[in-house]
Amino acid sequence: MGLTSAHWGVYEFAVKNGKITKMKPFSEDPDPSPIGPSIIDLLDDPLRIKAPAVRESWLKNGPGSAPEKRGSDPFVTIGWDEAERLVAVELDRVRTTHGNQAIYAGSYGWASAGRFHHAQSQVHRFLNCLGGYTKSKNTYSYAAAEVIIPHVLGGNLMEILTRQTSWQSICGNTKLMVAFGGLPVFNSQISNGGTGAHIQRTGVREAAAKGTRFVNLSPRRSDVKSDIDEDWIQLRPNTDVAVMLAMCHTLLVEGLHDQSFLDRYTTGFDRFAAYLRGESDGTPKTAVWAAAISGMAAEDIVTLSQQMAAERTMLTVSWSLTRQQFGEQPFWAVVALAAMIGDMGKPGGGVGFGYTITNYLGNNVFKMPYAPLPQGRNAVADFIPVARVSDMLLRPGQPFDYDGQQYLYPDIDLVYWAGGNPFHHHQDLARMRLAWEKPSTVIVNEWCWNALARHADIVLPCTTTLERCDIGMTPRDPYVISMDKAVEPVGEARDDYAIFAAIARHLGVEEAFTEGRSADEWQRWIWEQSRASAADIDVSMPDYESFRKDGHYKSPALKEDQIFLYDFIADPAGAPLATPSGKIELFSQTVADFNYDDCSGHPSWMEPIEWMGAKEKSYPLHLLSNQPRTKLHSQMDNGACSRSIKVDGHEPIEINPDDAAARGLSDGDIVKVFNDRGTCLCGVVITDHVMPGVVIVSTGSWYDPIDPAVRTSMCKHGNPNVLSPDIATSKLGQGPAAHSCLAEVELYDGPSVTITAFDPPEIKPRRD
């Protein structure tokens with residue numbers, strides 16, 4: 001049996017006659033994901049891109065030709081030599097004529113689990129050899145939090161996430177775990193970089209068995225219900241901050257807050273307390289005030305606040321709460337609430353960001369210093385916040401605010417995308433398609449004909465994980481996997497390294513890109529660099545040959561339970577936080593001095609544009625687009641696992657029985673979900689796990705417009721991003737606000753439709 005690592009787990013595979021016959025979960029994984037085996041049927045699927053291809057209009061007439069036909073134009077297959085030359089000439093044209101800042105490198109990093117064949121690292125290294133590119137900052141997952149948390153707790157959010165209190169500390173110590181946004185254990189199937197052992201479900205179950213009471217404050221009952229007996233308190237979407245502030249107010253007025261903790265470890269509490277009392281705006285943040293906003297009963301707010309003050313409490317906030325207008329506020333407010341409780345730095349107490357959201361959070365293992373593929377130096381200073389792609393393309397030269405500074409959007413002429421799919425993770429797809437017409441050329445490395453490939457000009461076929469060797473390394477997962485090549489690449493597919501090396505050869509930078517190393521030699525280099533760094537922290541890793549022979553390596557567990565902020569709480573003077581005060585900043589003078597009208601100097605409640613409590617609602621239902629349970633984002637939506645839950649081929653929409661009855665809907669009905677931005681078709685699933693007034697359509701359904709030539713055409717497959725607004729969380733973080741979305745649902749009575757998302761586009765042979 002061979003081994004491979006993917007974002008959703010490690011799998012053993014068997015091969016016969018050049019075909020994978022079986023994939024089964026890694027023997028050391030206690031809670032494996034069912035997603036992985038779907039790839040067996042997809043390796044040689046009709047959707048595979050088997051040869052380089054160029055959009056017909058672009059091939060005939062050159063860069064900038066008929067950009068409005070991206071998504072509807074046929075493609076023409078060409079040979080690799082011609083493809084390499086076309087890409088090299090176009091890159092050279094753009095950097096010579098416009099400068100390297102006119103090249104935007106789109107990549108989201110989730111395309112590959114291997115340490116070497118990591119698409120984002122490969123494309124960035126390649127373009128840096130050419131003089132650089134316009135880059136993006138932060139992530140769609142929690143961009144707003146990435147910007148606000150350094151002002152509040154100091155440091156880097158990604159690093160903070162790896163230091164969260166472990167499940168081992170929670171088990172037996174935490175009496176109350178309050179989850180804003182729920183504890184969706186199915187999300188923990190995935191982890192960036194891969195995962196060898198899924199721990200989140202076990203952590204939840206063991207904590208519950210040892211006496212932890214779980215409270216889920218969310219519009220949706222978490223799937224934790226199937227594992228433990230949780231308390232579900234229904235909250236209107238986007239109102240968590242109001243509830244957190246009311247809890248802070250309750251602690252304050254009842255004298256339940258830990259003043260000694262606040263005095264020693266925080267700064268700015270007096271300013272924040274004045275806001276809670278209503279001294280700054282005339283509105284005390286009482287439980288009654290929050291109840292009117294959130295729908296949570298005032299007495300329940302008070303009671304839960306009292307319980308949190310009386311028992312060892314762990315607060316956790318879902319990453320999804322950052323993906324809303326003013327998404328900075330939930331992370332700041334939950335830190336303030338945890339500080340007032342005073343359990344930070346204690347076993348099983350304090351705050352965590354996103355327990356169960358991804359597998360590595362709360363894992364009690366060393367953060368191993370694994371080496372990445374070096375990306376080199378980017379000589380271009382221009383950047384955009386990651387979710388401002390459409391703004392960048394539509395508003396070249398225009399100013400934008402970000403984290404206290406003002407910048408200008410660059411004028412982009414070429415987009416090179418390798419890894420990720422903007423037609424999955426970006427909002428308001430009609431607007432994005434308009435923006436997508438701006439560049440003269442769009443080049444992608446892709447393995448299948450998804451929406452990104454269909455909307456490109458030059459498409460280069462790349463391999464899948466099972467068609468190459470690699471090393472699966474995740475710093476907070478104990479297992480390092482020797483990833484075996486299972487089968488030969490389909491058609492003419494090449495790995496990204498080979499693709500970029502060949503183009504680099506045409507541009508005279510092959511040596512700079514490869515440094516004379518083969519793919520295997522780079523993997524050996526990564527291993528040896530990681531091994532040397534591990535030795536510096538007294539961890540002994542085997543030599544490269546032994547690792548490849550053994551198939552995997554397991555790093556040691558921590559000898560003691562990890563507790564977030566333990567060192568700071570033990571010695572605030574000797575281990576200060578990387579904030580201006582060295583303390584937790586409940587009021588940030590830095591942020592206040594930015595003078596933003598959408599992010600003040602302390603946690604605040606601000607009314608979103610679209611929410612259930614709006615005085616004038618354009619649509620009656622609040623649409624949430626959560627992460628799917630049957631795929632990673634949109635990866636393998638065409639696989640058996642994802643297709644198994646479709647409703648007549650459409651993405652499911654979860655709707656409360658009362659809302660379904662009011663619209664005359666039954667399970668299995670096909671419905672239109674619509675607002676002013678767009679329309680999609682979904683299949684009805686009636687459930688009382690969603691509160692009245694809320695509907696849920698998971699992200700990840702491949703974009704499938706009825707008429708690909710029309711930007712505003714209805715998505716017949718059920719992609720919710722045709723409905724979500726393309727607005728920023730705030731001027732501070734500029735993150736995506738995908739969850740502040742109102743819509744309506746009605747029975748679809750139009751002509752029957754056929755899902756074509758999983759059919760390849762029209763492909764023509766090359767004719768000279």
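Some notes on this structure:
- Tally of residues being modelled with pLDDT of 95 or more and within 17 Å of the chain's Cα centre (by Cα) across segment 356-383: 0
- Against the criterion of being more than 24 Å from H739 (Cα to Cα) and either in contact with a strand residue (DSSP E or B) (Cβ under 6 Å, 6 or more places away or on another chain) or in a helix (DSSP H, G or I) (or both), L315 does not qualify.
- Out of I35, I78, I103, I49, sole residue that is in contact with a Cys (Cβ under 7 Å, 6 or more places away or on another chain) and at pLDDT 95 or above: I49
- Condition met for V89 (assigned by TED's automatic domain parsing to the domain that holds K19, of a type in the set (V, I, T) and not in a helix (DSSP H, G or I)): no
- Selection of segment 570-593 for residues being surrounded by 19 or more Cβ atoms within 10 Å (Cβ to Cβ) and among the hydrophobic types (A, V, I, L, M, F, W, C) yields L577, I584, L586, F587, V591.
- Looking only at segment 123-140, and only at residues there that are at negative phi and within 20 Å of the chain's Cα centre (by Cα), the one that is surrounded by the most Cβ atoms within 10 Å (Cβ to Cβ): V123
Residue-wise test of (1) touching an Asp or Glu at 6+ places or on another chain (Cβ under 7 Å); (2) at positive phi; (3) β-branched (V, I, T).
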| residue | (1), (2), (3) |
| --- | --- |
| D667 | no, no, no |
| T687 | yes, no, yes |
| P692 | yes, no, no |
| I696 | yes, no, yes |
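- Failed condition for W522, given (1) at pLDDT 95 or above; (2) farther than 19 Å from L47 by Cβ; (3) touching a strand residue (DSSP E or B) at 6+ places or on another chain (Cβ under 8 Å); (4) not in a strand (DSSP E or B): (3)
- Restricting attention to segment 714-764 and to residues that are surrounded by fewer than 21 Cβ atoms within 10 Å (Cβ to Cβ) and of a type in the set (G, A, S), the residue that is nearest to L665 (Cα to Cα) turns out to be G750.
- Being touching a Ser or Thr at 6+ places or on another chain (Cβ under 9 Å), in the same structural domain as G79 (by TED's automatic domain parsing) and free of Cβ contacts under 8 Å to residues at least 24 places away in the same chain is a property that holds for A501.
- Residue check, V215 in contact (Cβ under 8 Å) with a residue 12 or more places away in the chain and surrounded by 24 or more Cβ atoms within 10 Å (Cβ to Cβ): no
- A83 falls short of the stated requirement of being surrounded by 19 or more Cβ atoms within 10 Å (Cβ to Cβ), of a type in the set (A, V, I, L, M) and either part of a loop (DSSP other than H, G, I, E, B) or at pLDDT below 95 (or both).
- When segment 223-255 is filtered for residues that are touching a residue at least 60 places away in the same chain (Cβ under 8 Å) and assigned to a loop (DSSP other than H, G, I, E, B), the ones remaining, listed by number, are Q234, L235, R236, P237, N238, T239.
- Residue check for A738: outside the structural domain of I384 (by TED's automatic domain parsing), part of a strand (DSSP E or B) and within 28 Å of S604 (Cβ to Cβ): no
- In this structure, A53 does satisfy being in contact with a strand residue (DSSP E or B) (Cβ under 7 Å, 6 or more places away or on another chain), closer than 22 Å to W447 by Cα, of a type in the set (G, A, S) and in contact (Cβ under 8 Å) with a residue 12 or more places away in the chain.
- Number of the exception - E510 against (1) closer than 30 Å to D759 by Cα; (2) touching a helix residue (DSSP H, G or I) at 6+ places or on another chain (Cβ under 6 Å); (3) of a type in the set (D, E): (1)
- Extreme residue, surrounded by the fewest Cβ atoms within 10 Å (Cβ to Cβ), among residues of segment 14-60 that are over 26 Å from the mean Cα position of the chain (by Cα) and among the polar types (S, T, N, Q): N17
- Residue within segment 381-390 that is surrounded by 19 or more Cβ atoms within 10 Å (Cβ to Cβ), of a type in the set (A, V, I, L, M) and not in a loop (DSSP other than H, G, I, E, B) present: yes
Condition check ((1) touching a His at 6+ places or on another chain (Cβ under 6 Å); (2) farther than 14 Å from G194 by Cβ; (3) of a type in the set (K, R)) across all residues:
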{"residue": "P461", "(1), (2), (3)": "no, yes, no"}
{"residue": "E467", "(1), (2), (3)": "no, yes, no"}
{"residue": "P475", "(1), (2), (3)": "no, no, no"}
{"residue": "Y479", "(1), (2), (3)": "yes, no, no"}
{"residue": "S482", "(1), (2), (3)": "no, no, no"}
{"residue": "G491", "(1), (2), (3)": "no, yes, no"}
{"residue": "D496", "(1), (2), (3)": "no, yes, no"}
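- Given (1) more than 30 Å from L86 (Cβ to Cβ); (2) in a loop (DSSP other than H, G, I, E, B); (3) among the small types (G, A, S), number of the condition A532 does not satisfy: (2)
- Considering residues of segment 320-347 that are in contact with a strand residue (DSSP E or B) (Cβ under 6 Å, 6 or more places away or on another chain) and assigned to a loop (DSSP other than H, G, I, E, B) only, the residue modelled with the lowest pLDDT: R323
- Checking A435, A498 one by one, the residue that is modelled with pLDDT of 95 or more, small (G, A, S) and within 22 Å of Q101 (Cβ to Cβ) is A435 and no other.
- Matching residues in segment 90-146 - criterion: being of a type in the set (D, E, K, R) and closer than 19 Å to E446 by Cβ: E90, R125
- Residue satisfying all of: in segment 290-304; in a helix (DSSP H, G or I) and in contact with a Gly (Cβ under 9 Å, 6 or more places away or on another chain); surrounded by the fewest Cβ atoms within 10 Å (Cβ to Cβ) among these: A292
Yes or no, residue by residue, for (1) of a type in the set (D, E); (2) assigned by TED's automatic domain parsing to the domain that holds S625; (3) within 18 Å of the chain's Cα centre (by Cα); (4) crowded, with 24+ Cβ neighbours inside 10 Å:
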{"site": "E159", "(1), (2), (3), (4)": "yes, no, yes, no"}
{"site": "R163", "(1), (2), (3), (4)": "no, no, no, no"}
{"site": "I170", "(1), (2), (3), (4)": "no, no, no, yes"}
{"site": "T174", "(1), (2), (3), (4)": "no, no, no, yes"}
{"site": "M177", "(1), (2), (3), (4)": "no, no, no, yes"}
{"site": "V185", "(1), (2), (3), (4)": "no, no, yes, yes"}
{"site": "S188", "(1), (2), (3), (4)": "no, no, yes, yes"}
{"site": "A197", "(1), (2), (3), (4)": "no, no, no, no"}
{"site": "T202", "(1), (2), (3), (4)": "no, no, no, no"}
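- Screening E651, E610 for residues that are closer than 23 Å to P751 by Cα, in contact (Cβ under 8 Å) with a residue 60 or more places away in the chain and not hydrophobic (A, V, I, L, M, F, W, C) leaves exactly one candidate, E651.
- Test: T283 is surrounded by fewer than 22 Cβ atoms within 10 Å (Cβ to Cβ) and touching an Asp or Glu at 6+ places or on another chain (Cβ under 6 Å): no
The values are calculated or read from the model by the stated rules, or taken from the named source; none is laboratory data. Keep in mind it's a predicted model, so treat the numbers as computed, not measured. FYI the Cβ positions are ideal-geometry reconstructions off the backbone, even for glycines, and counts take in every protein chain you see.
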